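The next block holds one structure in the form of structure tokens; read it before the comments.
The values are calculated or read from the model by the stated rules, or taken from the named source; none is laboratory data. Given the structure is predicted, the values throughout are model-derived calculations rather than measurements. Cβ placement follows ideal geometry from the backbone for every residue including glycine, while neighbour counts extend to all protein chains displayed. Keep in mind that these areas ignore ligands, DNA and RNA; they rest on the heavy atoms of the full protein, side chains included. Shrake-Rupley method; radii C 1.70, N 1.55, O 1.52, S 1.80 Å.
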Amino acid sequence: SQQGEEDPQALSIQEGENATMNCSYKTSINNLQWYRQNSGRGLVHLILIRSNEREKHSGRLRVTLDTSKKSSSLLITASRAADTASYFCAFLNNAGNMLTFGGGTRLMVKP
Amino acid sequence: DAGITQSPRHKVTETGTPVTLRCHQTENHRYMYWYRQDPGHGLRLIHYSYGVKDTDKGEVSDGYSVSRSKTEDFLLTLESATSSQTSVYFCAISASGLAGVYNEQFFGPGTRLTVL
């Protein structure tokens, strides 16, 4: 399996702090995506970074990609209680036909 | 949930019975996907469709079949359900293929299936 790995599996922080989640993968990729999932709901696409990009921003989200280390990180700045959710990375293989998800990081932001 | 509905939302069935899950979209997107989500495994692709009557296998397709007779509906069938198929099933859609320009996937609300 090409399954990605995420760490930490769970993260608990106070509101206002930054949250960093990491994702590692094993093969060459076309792009890497981050998704959010609230409890009992479907996944929501957050941000996509292509293999030739190193950093991308969207609001309070910052994603980095290091293809030499086969790793990515998602940073959520100035976290809010509403950011409490599970976050998944997913990477697209070079053939462009398989999106593989990591096991997820459960983030809890305490008010 | 971006014009995607799944039915049923919850189902309990017995081992050996057939089960069909339905995904319906109103976005007219060409690509549709079925995933299962299990603790510690994230989401794993079961089957996907790239057009009416065009489907292909994903990572965990054994024990599942799919059909797509029209753009808006993608059916997932468990011919003879087993306890290992207890899971939460998500449908997703995208306008283009995963490597295409409009490749963002939109997910449905999920179906929780329990096989006793």
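Couple of notes before you dig in:
- B:R44 meets the stated requirement of being among the basic types (K, R), closer than 22 Å to A:R36 by Cα, touching a strand residue (DSSP E or B) at 6+ places or on another chain (Cβ under 9 Å) and not in a loop (DSSP other than H, G, I, E, B).
- Hits in segment A:31-52 (condition: open to solvent by 40 Å² or more (accessible area, probe 1.4 Å) and either part of a strand (DSSP E or B) or under 23 Å from B:S87 (Cβ atoms) (or both)): A:R36, A:N38, A:S39, A:G40, A:R41, A:V44, A:L46, A:R50
- Positions within segment B:1-13 being crowded, with 17+ Cβ neighbours inside 10 Å and in a strand (DSSP E or B), in sequence order: B:I4, B:Q6
- Exclusive hit being free of Cβ contacts under 8 Å to residues at least 12 places away in the same chain and part of a strand (DSSP E or B), set B:D62, B:D56: B:D56
- All positions within segment A:89-103 that are open to solvent by 10 Å² or more (accessible area, probe 1.4 Å) and either modelled with pLDDT of 95 or more or part of a loop (DSSP other than H, G, I, E, B) (or both): A:N94, A:A95, A:G96, A:N97, A:M98, A:G103
- Filtering segment B:14-33 for residues that are assigned to a strand (DSSP E or B) and facing chain A (nearest Cβ under 9 Å) leaves a non-empty set.
- Flag if B:E27 is closer than 21 Å to A:C89 by Cβ and open to solvent by 20 Å² or more (accessible area, probe 1.4 Å): no
- Filter result for B:L113 (outside any loop (DSSP other than H, G, I, E, B) and either at pLDDT 95 or above or touching a Leu at 6+ places or on another chain (Cβ under 8 Å) (or both)): yes
- Selection within segment B:69-116 - within 14 Å of chain A (Cβ to nearest Cβ), aromatic (F, W, Y) and touching a residue at least 12 places away in the same chain (Cβ under 8 Å): B:Y89, B:F90, B:F106, B:F107
- Residues of segment B:88-108 classified as open to solvent by less than 20 Å² (accessible area, probe 1.4 Å) and either on the phi > 0 side of the Ramachandran plot or aliphatic (A, V, I, L, M) (or both), total: 3
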